[in-house]
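Below: the structure, in structure tokens.
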Amino acid sequence: MTARTGATSARIPAPRGGVPALPRVALTERDRITLELADHGGDMILGAVLRLDGPPPGTSELADHLRARIRDVPELTYRPYGLTGKRPYWAQDPDFDIARHVYEAERPAGPAGAADAALAAVLDRPLPEDRPLWGVWLVRSREPGAEGYALCYRVHHAFQDGLAAMAAVEALFGPAPGTAPAPLAADDRDDPEAAAPGPGRVVTTRLDTGVLFHAARATGVSLHQLCLALATATARQWSPLAGTAPLRANLGISLRPPATPVRPIGNQVGVLSVELPVDEPDPLARLRRLVQGVPGERLVGRARRAHRLRARWPVLDRLALRRAIDPRTAALSVADVRLRRALEFAGTPVRHVYPIPVLVPGQRLFIAWTSYRGQLHVSFRTDRPTPELDLLPRLWRSAVDDLRRALDS
């Protein structure tokens, strides 16, 4: 779906709407590889689904809201140029119009959870090639009298990685400057588990982070390591992956140096291949083995050093990245996507936020999670329609219950 824009003049006018003029940014080798994956059948669009209560706004109201926020995220006015040449780059679109980034969709009727239906409604929607590679979808329900709606921010992974995408979501839908976050109502209704008949490609679940923090403190691990253990237990029981041993997963990590602001443009995520101990039946022993293989910041530090070395030799970096994302090397991917602010739209608080993971060609499963307002929101995405997809939320919750029982025994 990548825009194959030819080379343009060195001078590109600044976009309209009071957005400051910014310099061009060269595409990195990693950006190019991500664009190539999209051209070869991968879905390289990521983002987040925001669930809200109440009547949905109109598209013009949504566009006005985004227009007032775009000055805080001027990088969203960038698009790729010169992709057919030797030195492609990101530069501001002189014809940028926020209204061209607002779309509508209807979530299908049926028993699936509202978040799952919202994801299904936008999953295959293309990003137009003649503008910056992002958009916001307003998803209404098709059922008469249904309450609530969703706002879906979707962006090409070559343009933003998960951290940058969530930073953009916070800028677009965080509280207005000088205001406190809007409070949520005491009622926190659960979405029904995804149970739509027939195969699908995406489902979600969520649970109280208090339970997870209790387990993390009791075992001396981080929430991130605990979620990796839950992903391991889920993959161990899911029939399309069960019996695959050793089972390796791609773990996405930021390659930004510590304390460096999130770079707004380009893919700054590295891929680590991690072996998941799916052959271990005991939940606590499985967690210990996983922690030994994923020792927190030390592993991230080693990955950053390796990336700096490979950056001196782009050919090696390309080979390493291609090997890491080869489905024969890793059958699934996992990602921890961080949100740091409460979100709202027009004074209505965002109740739930589910990440939208990418999916490289041929990879069987991607599990992504984010913590928001005291709950862990988890998305499961498969590479093809599969009847076993609806089992994944139950397997994740079952893994939590198994870990709790092991701690209590």
Per-residue HN-Hα couplings for the range 354-363, Karplus 6.51 cos²θ - 1.76 cosθ + 1.60 at θ = phi - 60°, whole Hz, x for Gly and Pro? 10, x, 9, x, 7, 8, 6, x, x, 7
For the range 17-58, state what percent of all Cα-Cα pairs lands in each successive 5 Å bin, counting from 0 Å until the bin that includes the largest distance. 5, 13, 12, 12, 13, 16, 15, 10, 3
Over the alpha carbons of the range 22-90, what is the largest minus smallest coordinate on each principal axis, giving the biggest first in Å? 48, 31, 16
So how do 161-167, 44-50 stack up, highest first, on mean other-Cβ count within 10 Å? 44-50, 161-167
Could you derive backbone 3J(HN,Hα) for the range 399-409 from the dihedral phi with the Karplus parameters 6.51, -1.76 and 1.60 (θ = phi - 60°), listing whole Hz in sequence and x where the residue is Gly or Pro? 5, 5, 5, 4, 5, 5, 5, 5, 6, 7, 7
Vicinal HN-Hα couplings computed from phi for the range 277-285 (Karplus, 6.51 cos²θ - 1.76 cosθ + 1.60; Hz; Gly/Pro x): x, 6, 7, 8, x, 7, x, 6, 5
Take PHE173, PHE159 and order them by how many other Cβ atoms sit within 10 Å, fewest up front. PHE173, PHE159
Per-residue Cβ neighbour rank within 10 angstrom, fewest leading, TYR89, TYR153: TYR89, TYR153
Amide H within-cut-off set for ALA331, under 5 Å, with H built and near neighbours excluded: ARG248
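Bear in mind that the values in this text are calculations on the coordinates, not laboratory data. All values derive from a computational prediction rather than experimental measurement. Heads up, the Cβs are rebuilt from the backbone with ideal geometry, glycines too, and the neighbour counts pull from every protein chain shown.
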